[in-house]
Amino acid sequence: MRKMYERNVGSVLVVDDEGKLIGIFTERDLLKLVAQGKPLDKPVSEYMTKSLIVANPEDPIPKVASVMTEKWIRHIPIVSKDGKPVGIVSIRDVLRYLISESTFP
């Protein structure tokens, strides 16, 4: 949570020792913990989302945006073929894209 605050981001990706993506921890995960009164002193691996929805580096932004909308998620990891994260797209990134492409009303 400290890293999210310091970097002004809404999620962090969690990788294993080989650098492969194994989870994501988001603001929503934190909100759920606080609402349930759970302690915040355990490793992030206990609270992260493990059932991941990911995109490929080749996926066009409109496709990624569609998945995000359909699945009600605000952050989607971009993962290479070897399972390693190469980035993350946030709903803010999608909005910036729409504005830059002049497709936004």
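Data overview
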quantity: Lys pairs under 17 Å by Cα in the chain, provided they are eight or more residues apart or on distinct chains; calculated: 10
quantity: Cα-Cα pairs of the chain separated by more than 21 Å (percent); calculated: 39
quantity: Local net charge near residue 97, Cβ-Cβ under 15 Å (Lys/Arg +1, Asp/Glu -1); calculated: +1
quantity: Solvent-accessible area, 1.4 Å probe, carbon plus sulfur percent, for the range 8-91; calculated: 56
quantity: Exposed-loop-free span, longest in the chain, where GluC sites (Glu not before Pro) count as exposed if DSSP calls them loop and at most 15 other C-beta atoms lie within 10 Å; calculated: 59-100
quantity: The chain, relative contact order in percent, only Cα pairs under 8 angstrom and at least six apart counted; calculated: 22
quantity: Segments 30-36, 63-69 sorted - mean Cβ within 10 Å per residue, highest first; calculated: 63-69, 30-36
quantity: For the range 49-105: rounded, prolate or oblate by the Cα gyration tensor [a/c cutoff 1.5]; calculated: prolate
quantity: Shape category assigned to the range 43-82 from the gyration tensor of Cα positions, a/c cut at 1.5; calculated: oblate
quantity: Max mean-square fluctuation residue, GNM over the chain, Cα-Cα springs under 10 Å, options 92, 28, 74; calculated: 92
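The values are calculated or read from the model by the stated rules, or taken from the named source; none is laboratory data. For clarity, every value in this text was computed on a predicted model and none was experimentally measured. Glycine gets a Cβ as well: all are built from the backbone with ideal geometry, and neighbour counts include every protein chain shown. Accessible surface areas use protein heavy atoms only, side chains included; no ligands, DNA or RNA. Shrake-Rupley method; radii C 1.70, N 1.55, O 1.52, S 1.80 Å.
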